[in-house]
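One structure below.
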Amino acid sequence: MTAGLFISLEGIDGVGKSTQSDLLEEFLRAAGREVVRTLEPGGTELGQEIRHLLLHRKGDVAPRAEALLYAADRAHHVATKIRPALERGEVVITDRYLDSSVAYQGAGRALKADDVRAISMFAVEGLLPHLTILLDLEASAAAARRNATGEAPDRLEREKIEFFETVRQAFLDMARVEPERWLVIDARQTVDEMQAQIRARVNELLGA
């Protein structure tokens, strides 16, 4: 059991998760809440090393190895950062969690989604977010946003549009199965419109 509130943000690359996380953190801190911001992979010192292996090393990573590396990062992340913060009664906001593995490795890499989810659930000892926010956007529009930043793409960001559309549909499928946990937001809206929906749902969870 946990005393805090656990929120994850999901979606394909380029949908605006970082911006919405920033605004949500600002909102919660203004309301007097203690907030821990984190991300996957890379939310811990060990995770940063795994992140480099996954996203910035040269050459391919076998799909099953990729899934297991994400799970290893997540196991350490939960044990050393997320669960302790929740037990202290804090709000944890993470940019990506295990649903990303199910979507990216389970669907995008054509591994079995149930297998990837099982590995992830083992890694986190069954810990799921109270709220998972999916910022949904067509893969082509998300790619245009990524390209507009001028930043060099990482290994996953270099995948084809078809890969990202498959991942997007996997996220939507998961949200349909667990509507009580997921909040799906149309990422074509303005930043403020999206944030208003997020804050409304978070206030419900906090009893505000």
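Side notes on the structure shown:
- Test: residue in region 1-9 that is surrounded by 20 or more Cβ atoms within 10 Å (Cβ to Cβ), over 13 Å from residue 202 (Cα atoms) and among the β-branched types (Val, Ile, Thr): no
- Members of region 24-51 found to be farther than 10 Å from residue 93 by Cα and of a type in the set (Ser, Thr, Tyr), listed by number: 44
- Residues (acidic (Asp, Glu) and in a loop (DSSP other than H, G, I, E, B)) located in region 126-138: 138
- Residue pairs whose Cβ atoms lie under 8 Å apart, separated by 6 or more positions or on different chains, with the first residue in region 150-173 and touching a residue at least 24 places away in the same chain (Cβ under 8 Å) and the second in a loop (DSSP other than H, G, I, E, B) and among the acidic types (Asp, Glu), are 156/13; 157/13; 164/13; 165/138; 168/138.
- Candidates 54, 24, 46: the one that is aliphatic (A, V, I, L, M) and touching a His at 6+ places or on another chain (Cβ under 7 Å) is 46.
Read-outs throughout are calculated quantities, based only on the coordinates presented, and are distinct from any laboratory measurement. On a predicted model such as this, the values are computed, not experimentally measured, just so you know. Every residue, glycine as well, gets a Cβ built from its backbone with ideal geometry; the counts of neighbours run over all protein chains shown.
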